[in-house]
Each structure stands twice: as structure tokens, then as C-alpha cells.
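So the structure is just underneath, and the comments pick up after that.
Rule-based calculations on the coordinates, nothing more; no lab input. Since the model is a prediction, treat every value here as computed from it, not as a measurement. Here the Cβ positions follow ideal geometry from the backbone for every residue, glycine too, while neighbour counts run over all protein chains shown.
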Amino acid sequence: MKIYEYKDYDEYKKIQTEANVKKLNNVWVGEDTIKNICKIVPEAKFVLCHGVRNGAEVNYFKKYLPDAVVLGTEISHTATQFPYVVEWDFHEVNEDWLNTSDIVYSNSFDHSYDPVKCLKAWLDQTSKDGFIFLEHCYGVAENVSKATDPLEISKEEIKNILREIGAEIVNEFQASPTRKRNSRIYQICRSTS
């Protein structure tokens, strides 16, 4: 695992916000990916999406789960430009979200400066029967800056963190390809053992 080291949190937030503004119209989530997740958890009532930039995944979840409450988070001030998106750092605990989400989804895990803190916060947001759907990019991505995408992590390293926090991968499938990006979806829940 490699993690880019920032001078401090302010530098992390500044770099993430600048990247968000620069790539505001880019969409990295495939609609078929969200459609497949919704087929796995069709009864979901609350969905939380982290690192949503312009809210594309929020809109897809709302399309395929029309009765669910869907909320997205984005660290940048641009969050307020999009419906159902709030400005929030996905590493941080929000008491209102604890044990509430049937689905926690993100394709922005590579933006984490602390993968243990991040996955722990997301796991704490899942309901008793809820799942994290983590989209994990593999292969070499073009134009990746270590400051904007600070986390390079393998599947085995993710599994080790999950064991440490009491979670496990229970399913995985190929995400629909977007913008020359190949990734897998890991369906994660609290460990049953």
C-alpha cells in the first residue's frame, strides 16, 4: 500500500477541492454498475454515496431505487450545486448516518488519506443488513496524480483492513468500464464470524 503524505489536512482538502473543480463535469461511474448494485439490494431505503463530484451516482441510484432516500457527499464547496449532495469529508463520522444505510457506495476510495479510518466510517454507516459497495480501480490509470489520488492499495490489503475492522468481502463483480478505467466492485458487510 502506498499513501501520499500531505503536509496537513488543509493541503489534502485544498488539493481535493481543486481537482474536483477542474474535473467537475467528468463522470467515472457507469450506470450499469449502479443498476447491478440496485438488483442486489432492491429493497434499499437509504443510500449514501461518497465522493460524488457532480452527483451522477446519486442520480443513477434515484433512477433505479425511486422510493429510496439517496444522499451524496463531496469534500468540495461545489457540493451545493447539485441536488441531494452535501459538503462532507467521507473520512468523518456523521452521527445522523450511523447504522442507517442499506447501501454505501463509492468509487473514490483512492482519494482516501487514511483507508482504515475511511472504511471504518463507512462500515459504521451501514444498517444491520447493509452493504458497502466499493469500486476499486485496477491497472494503470492515465493522468493520475498521487496528490489527487493518494491511495494505491491492493485487494489483499483491502481485505486485511476489513478483517481488522470486522468486515469482509462477500461478493465481487466487474464494474461497467468508464473512461478507460477498469475496476471491480467489492460488496462488503460486517463479518458474520
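Given 0.36 nm per residue, what is the gain on full extension from residue 99 to residue 172 after removing their alpha carbon distance, in nm? Write down the numbers at each step before the final one.
Numbers: separation 73, 0.36 × 73 = 26.28 nm, distance 2.27 nm.
Between residue 99 and residue 172, full extension yields an extra 24.0 nm.
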### Task
Work out from phi, with θ = phi - 60° and the Karplus expression 6.51 cos²θ - 1.76 cosθ + 1.60, the ³J(HN,Hα) of each residue of segment 84-97, listed in order in whole Hz, and give x for Gly and Pro.
6, 10, 10, 6, 6, 8, 5, 6, 8, 7, 10, 3, 5, 9
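Could you calculate the contour length gain from residue 9 to residue 86, that is, 0.36 nm times the residue separation minus the distance between their Cα atoms, to one decimal place in nm? Mind showing how you got there, number by number?
On the way: separation 77, 0.36 × 77 = 27.72 nm, distance 1.94 nm.
Contour length minus Cα-Cα distance gives 25.8 nm.
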#### Entry: Peptide ranges 120-131, 3-14, 46-57 listed from the most packed, as the mean C-beta count within 10 angstrom indicates
46-57, 120-131, 3-14
### Query
Across 5 Å bins from the origin, how do the percents of Cα pairs in segment 68-165 run, short distances first?
3, 11, 21, 25, 20, 13, 6, 1
### Task
Give the peptides 83-91, 103-111 in descending order of average Cβ contacts within 10 Å, highest first.
103-111, 83-91
### Sequence-distant aspartates and glutamates (8 or more away, or on other chains) whose Cα lies within less than 13 Å of residue 117
89, 92, 164
### Message
On a 22 Å Cα-Cα criterion, which of the cross-link pairs 23/155; 35/146; 62/155; 39/62 come out too long?
### Response
23/155; 35/146; 62/155
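Quick one: if the Förster radius is 25 Å, what FRET efficiency do residue 114 and residue 23 give, using the C-beta to C-beta distance and rounding to 0.05?
On the way: r = 22 Å, r/R0 = 0.90.
So the FRET efficiency works out to roughly 0.65.
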### Task
Please report how far the C-alpha centroid of segment 1-80 lies from that of segment 97-115, rounded to the nearest whole angstrom.
9 Å
